[in-house]
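*Asks:* Got a structure for you, questions after.
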Amino acid sequence: MKLNVSNNIFNQFKERVGQVAVLIDPDKYTNLEELDALLKKTTFAKVDYLFIGGSTVSSNDFKLVINFIQLNSKLPLVIFPGDSHQISSKADALLYLSLISGRNPDYLIGHHVQSAQEVYAMDIEVIPTAYILIDGGNLSSVAYVSQTTPIPRDHRSIIVNTAKAGILQGKKMIYLDAGSGAKESIPAPVIAELSMLNSPIIVGGGIRSREEMGALRDAGANVIVIGNKLEEDLDFLLDIRDFKMSK
Ligand code: 1GP
């Protein structure tokens, strides 16, 4: 049982700014026809990755949806796990998240220990990721489920010091999240400041417009995650395509 040590997805993440990931929360896509419609359009929209995961997903829904995606999409599939059950060798990579904005040991090390034996033996790229929750103006599912407090959005020094601590601990990426359905997404100047740390950045939570995506790309975000907006409006994929073709 050897740990998979490939870096393919990580190398793609760090290669350039302005890449786009569509987040599929299996809890919200139990209608496979809707999921199929989304998958068919993601390639046309030049989406770079599919992320799969959620805060309150049952193991059955997770398995059902990951199997369906594997059969129906050729895009790289990355797990963005909400708990220790959301792991599968059917994905290309696993964001190995530590919720370092919080102080809940379960999300810092507990879930990791529970799943370590299985992940270690699994043929999947594992990407240690500093997961930092920022207040997005409403109570997010992830803050509620993890019982952690997000960092206030205007406390820039706490955000930067948290990211620095994550890098010092050996995390290869920073994921800044305002939480799914956030009222306010992560401000571009925060991304600009973090981009100085030379660690690839994923940003998500409440991103609903092409303008926000442009500002985040200009600020240095490597991967921009869109979930909720596409659940409301599948045509937003046209804006994503336009965004992807603009640079
Ligand atoms: C949430 O970063 C993701 O964890 C995506 O957020 O669903 O609001 O796009 P949205």
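The values are calculated or read from the model by the stated rules, or taken from the named source; none is laboratory data. Because the structure is predicted, anything quoted here is derived from the model rather than measured. Neighbour counts run over all protein chains shown; Cβ positions are idealised from the backbone, glycine included. Keep in mind that these areas ignore ligands, DNA and RNA; they rest on the heavy atoms of the full protein, side chains included. Shrake-Rupley method; radii C 1.70, N 1.55, O 1.52, S 1.80 Å.
*Asks:* In terms of solvent-accessible area of protein heavy atoms at a 1.4 angstrom probe, what is the ranking of T149, T30, highest value first?
*Replies:* T149, T30
*Asks:* What number, in percent, do you get for the relative contact order of region 8-245 if the mean sequence gap of Cα pairs under 8 Å and at least 6 apart is divided by its residue count?
*Replies:* RCO, region 8-245: 22 percent.
*Asks:* Using the Karplus equation 6.51 cos²θ - 1.76 cosθ + 1.60 (θ = phi - 60°), what ³J(HN,Hα) coupling, rounded to whole Hz, does each residue of region 168-176 give in order, writing x for Gly and Pro?
*Replies:* Per residue, the Karplus-derived 3J(HN,Hα) values read 5, 7, x, 5, 8, 9, 10, 10, 9 Hz.
*Asks:* Ignoring any ligand, DNA or RNA, what whole percent of the accessible area of region 8-245 comes from carbon and sulfur when the probe is 1.4 angstrom?
*Replies:* 50
*Asks:* Now a separate question. Kindly report, to the nearest 10 Å², the accessible surface of R16 as traced by a 1.4 Å probe over protein heavy atoms only.
*Replies:* Per-residue accessible area (R16): approximately 100 Å².
*Asks:* For M245, M213, M196, M122, give me the order by solvent-accessible area with a 1.4 Å probe, most accessible first, ignoring ligands, DNA and RNA.
*Replies:* Values: M245 115, M213 0, M196 145, M122 25 Å².
I get M196, M245, M122, M213, largest accessible area first.
*Asks:* Let me ask you something else. Step through the residues of region 216-222 one at a time and calculate ³J(HN,Hα) from phi using the Karplus curve (6.51 cos²θ - 1.76 cosθ + 1.60, θ = phi - 60°), rounding each to whole Hz and writing x for Gly and Pro.
*Replies:* 5, 5, 4, 7, x, 6, 6
*Asks:* So how much slack lies between N138 and K244, counting 0.36 nm per residue of separation and subtracting their Cα-Cα distance, in nm?
*Replies:* Details: separation 106, 0.36 × 106 = 38.16 nm, distance 2.93 nm.
Between N138 and K244, full extension yields 35.2 nm more.
*Asks:* Also, I was wondering about something else. Take peptides 186-194, 236-244, 112-120, 125-133 and line them up by average Cβ neighbours within 10 Å, highest first, as a rough protection proxy.
*Replies:* Answer by packing, highest mean first, reads 125-133, 186-194, 236-244, 112-120.
*Asks:* Additional query: With a sphere of radius 14 Å drawn around the Cβ of K14, what net charge do the other residues whose Cβ falls strictly inside it have (Lys, Arg +1; Asp, Glu -1)? Spell out each step's value before the answer.
*Replies:* Working: positive: R16, K171, K172; negative: E15, D48, E125.
Residues near K14 contribute 0 overall.
*Asks:* Compute the distance in nm between two label points, each set 7 Å from the Cα along the Cα-to-Cβ direction, one at N104 and one at D233.
*Replies:* 3.1
*Asks:* Please sort 64-72, 214-222 by packing, taking for each peptide the average over its residues of neighbouring beta carbons within 10 angstrom, highest first. Walk me through the numbers before you get to the answer.
*Replies:* Details: 64-72: 16.4, 214-222: 20.9.
Final packing ranking: 214-222, 64-72.
*Asks:* Rounded to two decimal places and with Rh computed the Kirkwood way over Cα pairs, what is Rg over Rh for the chain?
*Replies:* Looking at the chain, the ratio lands at 0.93.
*Asks:* Points 7 angstrom from Cα along the Cβ direction at A37 and K2: gap in nanometres?
*Replies:* 4.6
*Asks:* Which entries of K172/K229; K41/K183; K14/K63; K2/K40 have Cα-Cα distances beyond 32 Å here?
*Replies:* Details: K172/K229 28 Å; K41/K183 26 Å; K14/K63 29 Å; K2/K40 35 Å.
Pairs exceeding 32 Å: K2/K40.
*Asks:* Tell me the label-point distance for the pair N67, H85, using the 7 Å Cα-to-Cβ offset, in nm and rounded to one decimal.
*Replies:* Here the modelled spin labels are 1.6 nm apart.
*Asks:* Now a separate question. Taking 0.36 nm per residue of sequence separation and subtracting the Cα-Cα distance, how much length would be gained by fully extending the chain between L168 and M196, in nm to one decimal? Display every interim value, and only then the final one.
*Replies:* Details: separation 28, 0.36 × 28 = 10.08 nm, distance 1.46 nm.
8.6 nm is the gain from fully extending L168 to M196.
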